[in-house]
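Accompanying notes for the structure given below.
The values are calculated or read from the model by the stated rules, or taken from the named source; none is laboratory data. Given the structure is predicted, the values throughout are model-derived calculations rather than measurements. Backbone-built Cβ (ideal geometry, glycine too); neighbour counts: all protein chains shown. Ligands, DNA and RNA are stripped out before the accessible areas are found, and what is left, the full protein with its side chains, is counted by its heavy atoms. Shrake-Rupley method; radii C 1.70, N 1.55, O 1.52, S 1.80 Å.
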Amino acid sequence: MNITTSKMDPRLNVILLLASTLLAASSFHSYEAAFDDSFTIMWSQDHFTTSKDGQIWYLSLDNDTGCGFQTKQRYRFGWFSMKLKLVGGDSAGVVTAYYMCSENGAGPERDELDFEFLGNRTGEPYLIQTNIYKNGTGNREMRHQLWFDPTEDYHTYSILWNTHQIVFFVDRVPIRVFKNNGKANKFFPNEKPMYLFSSIWNADEWATRGGLEKTNWKLSPFVSSYKDFSVDACQWKDPYPDCVSTTTHNWWDQYPAWHLSPQQKNDYAWVQRNLVIYDYCNDSQRFPTLPEECSLSPWD
């Protein structure tokens, strides 16, 4: 997909995080996490490093392998947030993924919520691809441009997940809203607890301009960096989890978190006008009969 950058107003009014106004007494965990306390390396330990103080985490990709980490705990519903700085320069073919998944691997019945950052040639914009899986079925991609260079500094990427909606945020701006219909369905993942993951890997068969642009391994290693992971969520505990159903004890499970606020709606409308590159709900060639969830309004 060949994208040209459009002129956009950089003075987007960043919304106040809903959590700051709706904090309520809670028996669940809310904290910023040290790496060893909350995460484990999935593969290629030698491609993972930290800053001297342990506050910044680095994943690297070379021609041999990438690297990834995951939380030790699973969660069902909540707020999940991380600051990332993406690979700079020529990053074509490189994908940095930040996502939630109900399984350690890409199992056939998994639920999953994806941020995927698709690298590009120097001077061309990064794209964010989001996707949502339920019981192993995805194909719910959206792609967005950003209103900043994500390689120059850290930016915050967050997911709000409750039984009413899933919202993907960038610097507290909602870029995607995925609604539930309040009925048993095949599209909204709300039954399985999920781990949180991040990884860097080579996807030059599809990631940049549909695979036309290949990874330039002479520029490796490619490094993405992370800090300030925070979670305010229901931690799953077998065999009698606290989060088998919603409780409304937490800000993310109260009525205002079931909908966008007026300011969030303004920001979301700006994103829809200026940043959306692809929306599967508008792809009638791919989906002659649009999926059921495409009829649900993000404004409700």
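For the stretch 258-281, the tally of residues that are more than 15 Å from Thr130 (Cβ to Cβ) and not in a loop (DSSP other than H, G, I, E, B) stands at 11. Residues that are in a strand (DSSP E or B) and either of a type in the set (A, V, I, L, M, F, W, C) or touching a helix residue (DSSP H, G or I) at 6+ places or on another chain (Cβ under 9 Å) (or both) within the stretch 132-158 comprise Ile132, Met142, His144, listed in sequence order.
The residues of the stretch 74-111 that are open to solvent by 10 Å² or more (accessible area, probe 1.4 Å), among the acidic types (Asp, Glu), out of contact with any Gly (no Cβ under 7 Å at 6 or more places or on another chain) and under 16 Å from Tyr195 (Cβ atoms) amount to a single one, Glu103.
For the stretch 247-257, the tally of residues that are in a helix (DSSP H, G or I) and surrounded by 16 or more Cβ atoms within 10 Å (Cβ to Cβ) stands at 4. Residue check: is Lys214 touching a Lys or Arg at 6+ places or on another chain (Cβ under 7 Å) and surrounded by fewer than 17 Cβ atoms within 10 Å (Cβ to Cβ)? Spelling it out, it is not the case that Lys214 is touching a Lys or Arg at 6+ places or on another chain (Cβ under 7 Å) and surrounded by fewer than 17 Cβ atoms within 10 Å (Cβ to Cβ).
Scanning the stretch 166-204 for residues that are touching a residue at least 60 places away in the same chain (Cβ under 8 Å) and under 25 Å from Gly66 (Cα atoms) yields Met194, Tyr195, Leu196, Phe197, Ser198, Ser199, Ile200, Trp201, Asn202, Ala203, Asp204. Looking only at residues in the stretch 258-280 that are surrounded by 15 or more Cβ atoms within 10 Å (Cβ to Cβ) and among the hydrophobic types (A, V, I, L, M, F, W, C), the one that is nearest to Phe187 (Cα to Cα) is Trp258. Is there a residue in the stretch 107-115 that is closer than 20 Å to Ile175 by Cβ and either part of a loop (DSSP other than H, G, I, E, B) or of a type outside the set (D, E, K, R) (or both)? Taking every residue of the stretch 107-115 in turn, at least one turns out to be closer than 20 Å to Ile175 by Cβ and either part of a loop (DSSP other than H, G, I, E, B) or of a type outside the set (D, E, K, R) (or both). Which condition from (1) touching a Gly at 6+ places or on another chain (Cβ under 8 Å); (2) surrounded by fewer than 20 Cβ atoms within 10 Å (Cβ to Cβ); (3) over 24 Å from Lys186 (Cα atoms) is the one that His47 breaks? With (1) touching a Gly at 6+ places or on another chain (Cβ under 8 Å); (2) surrounded by fewer than 20 Cβ atoms within 10 Å (Cβ to Cβ); (3) over 24 Å from Lys186 (Cα atoms) applied to His47, the lone miss is (2). Among the residues of the stretch 217-229, none qualifies, meaning not one is in contact with a Ser or Thr (Cβ under 9 Å, 6 or more places away or on another chain), part of a loop (DSSP other than H, G, I, E, B), open to solvent by less than 40 Å² (accessible area, probe 1.4 Å) and under 27 Å from Asn274 (Cβ atoms). Restricting Thr208, Thr163 to residues that are polar (S, T, N, Q), surrounded by fewer than 22 Cβ atoms within 10 Å (Cβ to Cβ) and at pLDDT below 95 narrows the list to Thr163. Filtering Asp62, Asp53 for residues that are open to solvent by 10 Å² or more (accessible area, probe 1.4 Å), out of contact with any Lys or Arg (no Cβ under 8 Å at 6 or more places or on another chain) and without any contact (Cβ under 8 Å) to a residue 12 or more places away in the chain leaves a single hit, Asp53.
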